[in-house]
Amino acid sequence: MTEEPADSGARAENPPAPSGEHEPWSGPEQEPGSPPAPSRSRRVRRFRLAAWVALVLAAIVVGASVMWVNGPPTEAELREKAGLFNKDRLRIGVKTDTPGIAFQEQSGRRAFKGFDIQIAYLIAADLGYRPDKVDFLAIETEDRARMQALDANGRFVGVDLVVATFSVTRDRRENPSVGFSTPYLYTEQSVVTRSDYPGKITSLGQLENKKVCTLGTSTSETELARATRATVTAKNLISDCAAGLEVGEFDAMTTDAAILAGFVAESGGAFRHHDIALEKTEMWAVNAGSNKALRTLVDLALYRSYADPQDQRWEQAYQAYIDPLLPASPNVNVAQAEQPCALPPPVRRWPWERTLPVQDCPSR
């Protein structure tokens, strides 16, 4: 009798699976009602997806790191480059004789008041300086480009910024000592006469053969010389023009409407404001000189003021100092009542820090 192989019983208990069927699951038994375990192909796909996501995230992190290292400077780096670290006080050159814009009181604390003064405080605050850390120094028109102002002892000293009705022009932009910020006010040239002046002035050409006072080295002097052969007197202070006009030394004075409106309002009806409808817009900007880092920080302050709907400092300055001048200058475009559009300057920030909207600014 032939003997069976020793393992025949084992083979009988585990017969081979029928053709076309998969091997049964040999892992841990599943609980009744639990979802089926993932197949090997599904686990491979999940692994590949996870690896792909990890690679994408790594690429994003590397790219952001490269941009962070090689991109524009941070605000802190700009402060250091601008020389603001360990700088206790900020010197700003301003006008002192323009009512409503920048005026220094001659009594008491000799405080400075006006629209330009508030803009200077706005910028200083964003640079990290409280009002009591800001020194305002009197600066004349011809000294704005070289940023030299008079200190309390009557000596010329350099200033960090100039906020003094300084209009942007091509020639000034090409001056290496001038570094203009984005504009902070739009106005236009106008003319003021005494109230008894016969007729209405609608163009500079009507000042032919008249005695006219204006600011020396200003855009108004250039336009006046181009438009007429009037007898022109150039002064360093517009208040000197107003004083001469009042006593009959001049027939008229001309400069930016926002400057003249203050004198008209204070004249008590003695002066009359004329809109001459020049197409050219006067754009006032801050001069930071050759300090490019400081200029970028000034642009950042003006951009924040423009783009942040919660920041009403510019609007408050306009309402406090320019709005009150308007009734005395009817039908004159004294100044645009909205802050000029400002684009974000090149300052390095993480995407989640860029919370303010970016808008297209119309060209001027």
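The values are calculated or read from the model by the stated rules, or taken from the named source; none is laboratory data. Being a predicted model, the structure only gives us computed values, none of them experimental. Virtual Cβ from ideal backbone geometry, glycine too; neighbours counted across all protein chains shown. Keep in mind that these areas ignore ligands, DNA and RNA; they rest on the heavy atoms of the full protein, side chains included. Shrake-Rupley method; radii C 1.70, N 1.55, O 1.52, S 1.80 Å.
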Selection from region 192-214 of residues that are buried (at least 16 other Cβ atoms within 10 Å of the Cβ) and part of a loop (DSSP other than H, G, I, E, B): Tyr197, Ile201, Lys210
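Tally the residues that are charged (D, E, K, R) and either without any contact (Cβ under 8 Å) to a residue 12 or more places away in the chain or under 17 Å from Arg295 (Cβ atoms) (or both), restricting the search to region 112-131. Please lay out each step first, then the result.
Let us first name the residues in region 112-131 that are charged (D, E, K, R), namely 113, 116, 126, 130.
Cutting the leftovers down to either without any contact (Cβ under 8 Å) to a residue 12 or more places away in the chain or under 17 Å from Arg295 (Cβ atoms) (or both) gives us 126, 130.
Count: 2.
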So Cys241 passes all but one of these: (1) touching a residue at least 40 places away in the same chain (Cβ under 8 Å); (2) within 22 Å of Ile139 (Cα to Cα); (3) touching a Lys or Arg at 6+ places or on another chain (Cβ under 7 Å). Which condition number does it fail? (1)
Of (1) at pLDDT below 90; (2) within 28 Å of Gly128 (Cβ to Cβ), Thr228 satisfies every one except (2)
For region 315-326, does any single residue satisfy the condition of being within 14 Å of the chain's Cα centre (by Cα) and open to solvent by less than 40 Å² (accessible area, probe 1.4 Å)? no
Considering only region 75-116, how many residues are in a loop (DSSP other than H, G, I, E, B), touching a helix residue (DSSP H, G or I) at 6+ places or on another chain (Cβ under 8 Å) and farther than 14 Å from Asp160 by Cα? 5
Lone unmet requirement of (1) open to solvent by less than 10 Å² (accessible area, probe 1.4 Å); (2) over 24 Å from the mean Cα position of the chain (by Cα); (3) of a type in the set (Val, Ile, Thr); (4) at positive phi for Thr165: (2)
Which condition from (1) modelled with pLDDT of 95 or more; (2) within 19 Å of the chain's Cα centre (by Cα) is the one that Pro73 breaks? (1)
Can you list residue pairs whose Cβ atoms sit under 6 Å apart, with the first residue in region 95-111 being modelled with pLDDT of 75 or more and the second being crowded, with 21+ Cβ neighbours inside 10 Å and among the charged types (D, E, K, R)? Count only pairs 6 or more apart in sequence or on different chains. Ile101/Asp116; Ala102/Lys95; Ala102/Asp116
Among the residues of region 91-113, what is the count of those that are under 19 Å from Ala301 (Cα atoms) and open to solvent by less than 60 Å² (accessible area, probe 1.4 Å)? 3
Would you be able to say whether some residue in region 341-362 is closer than 18 Å to Tyr184 by Cβ, open to solvent by 60 Å² or more (accessible area, probe 1.4 Å) and within 14 Å of the chain's Cα centre (by Cα)? yes
Could you tell me which numbered condition Tyr129 fails, if it satisfies all but one of (1) out of contact with any strand residue (DSSP E or B) (no Cβ under 6 Å at 6 or more places or on another chain); (2) outside any strand (DSSP E or B); (3) open to solvent by less than 80 Å² (accessible area, probe 1.4 Å); (4) within 22 Å of Lys87 (Cβ to Cβ)? (1)
Would you point out the residue of region 242-258, among those that are outside any helix (DSSP H, G or I) and within 22 Å of Arg226 (Cα to Cα), that is nearest to the chain's Cα centre (by Cα)? Asp256
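Just to be sure I understand, how many residues within region 142-154 are within 23 Å of the chain's Cα centre (by Cα) and either without any contact (Cβ under 8 Å) to a residue 40 or more places away in the chain or not in a loop (DSSP other than H, G, I, E, B) (or both)? Spell out how you get there, then give the answer.
Narrowing region 142-154 to residues within 23 Å of the chain's Cα centre (by Cα): 144-147.
Next, from what is left, pick out any that are either without any contact (Cβ under 8 Å) to a residue 40 or more places away in the chain or not in a loop (DSSP other than H, G, I, E, B) (or both): 146.
Qualifying residue count, region 142-154: 1.
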